[in-house]
Amino acid sequence: MNKMMLMTAGPTQVRENVRMARSTITMSPDEDVSFCEYYKQLCDKLARFFYTKNTFYILSGEGILGLEAACASLTEAEDKVLVLDNGIFGKGFADFVKIYGGKPVLYTVDDKQPIDVQALDEYLKENHDFKYATLVHCDTPSGMLNDVESICPVLKKYNILTVVDSVSASFGEPLNVDKAQIDILCGGSQKALSAPTGLTFLGVSDMAIETMKNRKTPIASFYANILSFVDYYEKKWFPYTMPVSDIYGFGRALENVIKDKHIFVRHKKIASATRKAITAAGLKTYIKAGFSNTVTAIMVPEGIDAKELLQKMREHNIMISGCFGELAGKVIRIGHMGENADVAYMLETLIALGEVLEEMGVILQCDMKKVFFKEVR
Ligand SMILES: *Cc1c(COP(=O)(O)O)cnc(C)c1O
């Protein structure tokens, strides 16, 4: 058994009752109508959790499948798509748009600040000829939180459909999908929900479905075609065999989240205490504002090798994340989301991080665990 404590920015730790739910005996999901009921009820629970009339679907595939399915299902050749970019996942949407023949128009702003709603509103006055826009709720590589509840309504003023990647924010940040006017919400199993990897879910508005149905050309994908799910309940038939065990685990994890009445407050407290502790010690966060409550990206101190730092953390039995893209080697990340958002786990993580950095010759200006503990109470 691996005794390593998982504190990465996803996947997160999985509670025992979720692991047990995954070992429930399963039937054929195509023959067993009760599975279809279970699936439908689970999707309806998601809709209630996110305060929306939109319809939810759980798809077999990682979070990335959700992002691709949104773009595959909406994009036709030459469609103009506004890609809001203040981070790696933000920019990444342009690739999905291009794959399906669309024309991404990047709205690139400072990656150390959340998207400024007023500035976007100004931009849209002159530029609003877009079929849909993509944006990221929490851009995980930097820990940037965008205020999607303010941004999407501005896009909707111009009838631009909104696709929101909330994979690493949902369940750790409150979100009211109807208030935000999100047409396609994308989420995943392995971040703050704390189910294992492997599932993505989509919350889709009627207007998004209408847009897909009114396409001139068919959706250029089978697996990433949202329309192939829309009548599963009437037909009691899924487009492909559902991963039953994954879905049972997901269902239990969602029950855990729903029972956890203080989930958002806890995420906020832990995130804020983490930032206080690391900054008091003289470390720096990568971003200047828009701090997510689910992940903190810390600048690797001058002269320190990120890989060596991560390795030394592992020797202390704690796994945290490095980063990728332009942030590779520049930041390390602690995921304090879902099951990881726990005072005791974070204390252990900060104790180990302090020891490792001092071992590596970094002089810290305080005892991080003391600051964290004082702040989090
Ligand atoms: C984790 C994550 C995804 C999904 O990526 P996977 O590689 O499928 O895990 C998508 N968007 C964001 C912002 C994420 O953090």
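The values are calculated or read from the model by the stated rules, or taken from the named source; none is laboratory data. All figures in this text were calculated on a predicted structure; none of them were measured in a lab. Heads up, the Cβs are rebuilt from the backbone with ideal geometry, glycines too, and the neighbour counts pull from every protein chain shown. Note: areas computed on protein heavy atoms with side chains; ligands, DNA, RNA excluded. Shrake-Rupley method; radii C 1.70, N 1.55, O 1.52, S 1.80 Å.
Any residue in the stretch 303-322 that is under 16 Å from Ile351 (Cβ atoms), of a type in the set (Lys, Arg) and out of contact with any Ser or Thr (no Cβ under 6 Å at 6 or more places or on another chain)?
Yes, the stretch 303-322 has at least one match.
How about the stretch 56-98: which of its residues are out of contact with any Ser or Thr (no Cβ under 8 Å at 6 or more places or on another chain), more than 13 Å from the ligand (Cβ to nearest atom) and open to solvent by 20 Å² or more (accessible area, probe 1.4 Å)?
Residues satisfying the conditions are Glu78, Asp79, Lys80, Lys98.
Per-residue answers, yes or no, for (1) under 15 Å from Phe89 (Cα atoms); (2) in contact with a His (Cβ under 9 Å, 6 or more places away or on another chain):
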{"site": "Asp110", "(1), (2)": "yes, no"}
{"site": "Asp116", "(1), (2)": "no, no"}
{"site": "Tyr123", "(1), (2)": "no, no"}
{"site": "Lys131", "(1), (2)": "no, no"}
{"site": "Thr134", "(1), (2)": "yes, no"}
{"site": "Thr140", "(1), (2)": "yes, no"}
{"site": "Asn146", "(1), (2)": "yes, yes"}
{"site": "Val154", "(1), (2)": "no, no"}
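Matching residues to (1) of a type in the set (Ser, Thr, Tyr); (2) assigned to a loop (DSSP other than H, G, I, E, B); (3) more than 16 Å from the ligand (Cβ to nearest atom):
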site	(1), (2), (3)
Leu193	no, yes, no
Thr197	yes, yes, no
Pro218	no, yes, yes
Ala253	no, no, no
Lys268	no, no, yes
Ala271	no, no, no
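Could you tell me whether the stretch 4-11 includes any residue that is within 16 Å of the ligand (Cβ to nearest atom), under 13 Å from Gln190 (Cα atoms), modelled with pLDDT of 95 or more and in contact with an Asp or Glu (Cβ under 7 Å, 6 or more places away or on another chain)?
no
Results for (1) in contact with a Ser or Thr (Cβ under 6 Å, 6 or more places away or on another chain); (2) at pLDDT 95 or above; (3) within 16 Å of the ligand (Cβ to nearest atom), shown as yes or no for each residue.
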{"residue": "Gln118", "(1), (2), (3)": "no, yes, no"}
{"residue": "Lys131", "(1), (2), (3)": "no, yes, no"}
{"residue": "Thr134", "(1), (2), (3)": "no, yes, yes"}
{"residue": "Gly143", "(1), (2), (3)": "yes, yes, yes"}
{"residue": "Val148", "(1), (2), (3)": "no, yes, yes"}
{"residue": "Val154", "(1), (2), (3)": "no, yes, no"}
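Those residues that are open to solvent by 10 Å² or more (accessible area, probe 1.4 Å) and over 24 Å from Gly63 (Cβ atoms), I need them from the stretch 121-155; list them, please.
Asp121, Glu122, Tyr123, Lys125, Glu126, Asn127, His128, Asp129, Pro153, Val154
Looking only at the stretch 140-178, which residues are in contact with a strand residue (DSSP E or B) (Cβ under 6 Å, 6 or more places away or on another chain), farther than 27 Å from Ile258 by Cβ and either assigned to a loop (DSSP other than H, G, I, E, B) or of a type in the set (Val, Ile, Thr) (or both)?
Within the stretch 140-178, Ser142, Ile160 qualify.
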